[in-house]
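Student: The structure is given below, and queries will be raised subsequently.
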Amino acid sequence: MTRISVKVDGTTYEDEVEPRLLLIHYLRDRLGLTGTPIGCDTSNCGACTVDLDGETVKSCSVLTVQADGSEVTTVQGLATNGEWHPLQKAFHEHHALQCGYCTPGMIMAARDLLRENPRPSADDVRHALEGNLCRCTGYQNIVHAVLAASGAPEADVASAASGQEART
């Protein structure tokens with residue numbers, strides 16, 4: 001067993017963990033943070049994406065001991081004072097989910113994109129979400145939601161729907 005200290009969604013946890021325990025299993029099984037789903041366990045689907053010290057990572061490919069001394073933000077940690085994060089609102093308002101399985105990873109990857117590029121194009125959004133798979137939506141409404149969360153004018157969001165971008 002290895003002793004760790006990790007801050008998750010604003011709360012510091014000190015635990016003894018097996019050195020081989022994956023971060024996704026620590027979050028779900030030890031901390032009860034089930035908002036981050038287990039997808040493929042091979043880092044191919046992106047469903048388990050979380051923020052680790054300001055960078056998005058697929059938590060099925062990170063050992064918990066690697067997060068020692070770090071700060072982790074899950075999709076559950078995005079809400080503030082009971083208010084959804086703008087991306088969570090946009091996903092809801094733009095019907096960017098069906099089964100919802102990919103949604104936490106999509107939101108976390110989109111959050112990373114918007115930190116680096118606050119005014120992305122539809123192509124930027126598609127490129128940023130390439131590592132996250134969705135079986136239900138066909139991605140179009142996910143792109144709309146990310147553009148809407150970025151504050152893009154409705155015309156830009158609508159043009160993304162038609163495959164034509166209004167912005168340069």
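Student: Evaluate E = 1/(1 + (r/R0)^6) for Glu55 and Tyr13, where r is the Cβ-Cβ distance and R0 equals 22 Å; express this FRET efficiency to the nearest 0.05.
Tutor: Between Glu55 and Tyr13 the formula returns 0.65.
Student: Please work out whether segment 46-98 counts as rounded, prolate or oblate from its C-alpha gyration tensor, where a ≥ b ≥ c are the square roots of the eigenvalues and a/c under 1.5 means rounded, while otherwise a/b larger than b/c means prolate and anything else oblate?
Tutor: Taking the square roots of the gyration eigenvalues as a ≥ b ≥ c, segment 46-98 is oblate.
Student: Kirkwood Rh and Cα-based Rg: tell me the resulting Rg over Rh for segment 87-146, rounded to two decimals.
Tutor: Computed over Cα atoms, the ratio is 0.91.
Student: Another question, if that's okay. Counting only heavy atoms of the protein chains, get the accessible area per residue of the chain (1.4 Å probe) and round it to a whole Å² value.
Tutor: Here the per-residue accessible area is 50 Å².
Student: When the chain is fully extended, how far beyond the present Cα-Cα distance does Asn81 get from Arg3, taking 0.36 nm per residue of separation?
Tutor: Length difference between fully extended and current span is 25.0 nm.
Student: Here's a follow-up. Peptides 108-115, 73-80: what's the order by average Cβ count within 10 Å, highest mean first?
Tutor: My ranking of the peptides, most packed first, is 108-115, 73-80.
Student: Between Asp123 and Ser43, what is 0.36 nm times their sequence separation minus the Cα-Cα distance? Round to one decimal in nm.
Tutor: Stretched out fully, the Asp123 to Ser43 stretch lengthens by 26.5 nm.
Student: Taking 0.36 nm per residue of sequence separation and subtracting the Cα-Cα distance, how much length would be gained by fully extending the chain between Glu71 and Glu93, in nm to one decimal?
Tutor: 5.0 nm
Student: With viscosity set to 1.002 mPa s at 20 °C, what whole-number translational diffusion coefficient in µm²/s follows for segment 1-77 from Stokes-Einstein and a Kirkwood radius over Cα pairs?
Tutor: Translational diffusion coefficient: 178 µm²/s.
Student: Could you work out how far helix 140-149 tilts from the main Cα principal axis of the chain, as a 0 to 90 degree angle to the nearest 10?
Tutor: 80 degrees
Student: In whole Å and largest first, what semi-axes does the C-alpha gyration tensor of the chain yield when each eigenvalue is scaled by 5 and square-rooted?
Tutor: Those come to 31, 15, 13 Å.
Student: Let me ask another. When the accessible area of the chain is computed with all protein chains present and a 1.4 Å probe, what percentage of it is carbon and sulfur?
Tutor: 47 percent
Student: Divide by every residue of the chain the summed helix terms, -39500 (n - 2.57) for each DSSP H run of at least 4, and state the resulting mean residue ellipticity at 222 nm, rounded to the nearest 500 deg cm²/dmol.
Tutor: -8500 deg cm²/dmol
The values are calculated or read from the model by the stated rules, or taken from the named source; none is laboratory data. Everything numeric here is computed off the predicted structure, so don't read it as measured data. Heads up, the Cβs are rebuilt from the backbone with ideal geometry, glycines too, and the neighbour counts pull from every protein chain shown. Just the protein is used for accessible areas: all its heavy atoms, side chains included, with ligands, DNA and RNA removed. Shrake-Rupley method; radii C 1.70, N 1.55, O 1.52, S 1.80 Å.
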